[in-house]
Structures are given as C-alpha cells and as structure tokens.
Amino acid sequence: LYLDSEYHPIKEVMLGGAVRYEKYSDFGSTVTGKLSTRWDPTKEIGVRATLSTGFRAPSVQQKFYSSVSTNLNQAGQLTETLTAREGSAVTTALGIKPLKEETSRSGSIGLVLRPAKNMSLTADLYEIKIKDRIVFSSEISPEAGGGPIANVLNPLGVGQAQFFTNAVDTKTRGLDIVADHTTKFDASTLVLSAQLGFNKTEVTNRHSPSSLLTGDQLFNQAQVT
C-alpha cells in the first residue's frame, strides 16, 4: 500500500509526504516514509530538501549461498574455507541469527540553478545512515591452542568459516553535482549532461549476535577497509 501527497500552500512552495506499507510472505512487513519540500523563489533558483526512511530485505544469495574454497589461513597454510548459509550447522553453532532487513535514515538538501532557459545546475548534499547492514564476515578460524571457536569448528571439520550477517552500522555523506545543457536544432535536440559525485562511507558500529564472537572478530579491520 502506497500513499503519496503533495500540497502547495503558495505557488512557490511545495510540501510532500509519502508512506509505504509492504508485507512479504516469507519475510515480514515494514513501513517506510518520506517528507520533502521545495521552494522556488524565482524561475532561476530553487531549494529542495528531503527526509526519508528505508529498508532492504536480504537477497536470495545472501540467505542461501553456500560454497567451499581453499585459501590461506592466518598461519599461511592451505585450508578449506566454508561459506556457510543461514541456518547451517556452523552459523547455528556460532550463534549467528537469521538475516534481518537493513534499515536506513537519510536526508538531503539541494540547490537548483537555471541561469538560462536551456541550462540547469543542481547540487545536493546528503547523508545516509544504515543500521544492521548485511556484510560478508571475516574469516572465522579456530584458536591455535583450542578454545570456544575451535570447539565449534573442529568437530564439523571446518578450517575457516565465512557468512553473511547483520554486523555493522554505516554512515555515508556525499555531494552530487549535475549540469545539463540543451541545444535545439531544426529537426533535432542535443542534450549534454555532466555529473560529479563525492562520497565517503564509514563504519560507525560493529556488533555481534554471537556470544562466541565480538563485533571486531565478526567484521575485522581488514573487512572495514
């Protein structure tokens, strides 16, 4: 169910709002929303802003993909690495819960310039915060001298294990600049467009559902990099 509404209190100002409800037969339900506004004091200048929430369900391959490959472990020895699927013996024994949706909050503010009839320039600053982001874990290896992780992996014959999990929160900030120029000829039109984007993503939090693994073990600094 989706509802979108726009209102002009005066000609130069637009206020907008939207809400969406979705229910998945094999996943659950979610509600997301969006608020937006735009002000055009003149034909040449416009200002816009948006606040919104969002979500992304786990993909099919993140929930069900499984494989075995041969890699070098931390000691430099060849060992079999298992990519374990959700609900497998390995992920269950390690205390890794089934994947849940990623949720996000985002905001942006932008400027629209129309210096000529056939030219426009837009610049938008934005920030996106994602909670419980689904990532591919670090390589989980048994302790050399034995320990809780070894007690899980060794009986299962697993040298190393990796899996998808909701392990991190991230923040992305960026700037998008777009320029368009249109030239009309007798029987055709030429549109030239240039786009420039800057963005930076950082991991703001690492967490683990497992009592055996810390957030730093589940998604180590190499994975962050």
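The values are calculated or read from the model by the stated rules, or taken from the named source; none is laboratory data. Note that this is a predicted model, so its numbers are computed, not measured. Neighbour counts are summed over all protein chains in view; Cβ atoms, including those assigned to glycine, are modelled from backbone coordinates with ideal geometry. What goes into the accessible areas is simple: the full protein's heavy atoms, side chains included, and nothing from ligands, DNA or RNA. Shrake-Rupley method; radii C 1.70, N 1.55, O 1.52, S 1.80 Å.
Observations on the structure shown:
- Selection of region 89-115 for residues being in contact (Cβ under 8 Å) with a residue 60 or more places away in the chain and part of a loop (DSSP other than H, G, I, E, B) yields 95, 96, 97, 99, 100, 101.
- Against the conditions (1) more than 15 Å from residue 108 (Cα to Cα); (2) touching a Leu at 6+ places or on another chain (Cβ under 8 Å); (3) polar (S, T, N, Q), residue 50 satisfies every one except (1).
- Near pairs, Cβ below 6 angstrom, 6+ apart or cross-chain, from region 14-43 (in a strand (DSSP E or B)) to any residue that is exposed (fewer than 14 other Cβ atoms within 10 Å of the Cβ) and of a type in the set (Lys, Arg): 29/23
Every residue, every condition in (1) among the small types (Gly, Ala, Ser); (2) surrounded by fewer than 17 Cβ atoms within 10 Å (Cβ to Cβ), yes or no:
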site: 51; (1), (2): no, yes
site: 57; (1), (2): yes, no
site: 72; (1), (2): no, yes
site: 83; (1), (2): no, no
site: 109; (1), (2): no, yes
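- Selection within region 111-122 - touching a strand residue (DSSP E or B) at 6+ places or on another chain (Cβ under 6 Å), open to solvent by 40 Å² or more (accessible area, probe 1.4 Å) and among the hydrophobic types (A, V, I, L, M, F, W, C): 111, 113, 119, 121
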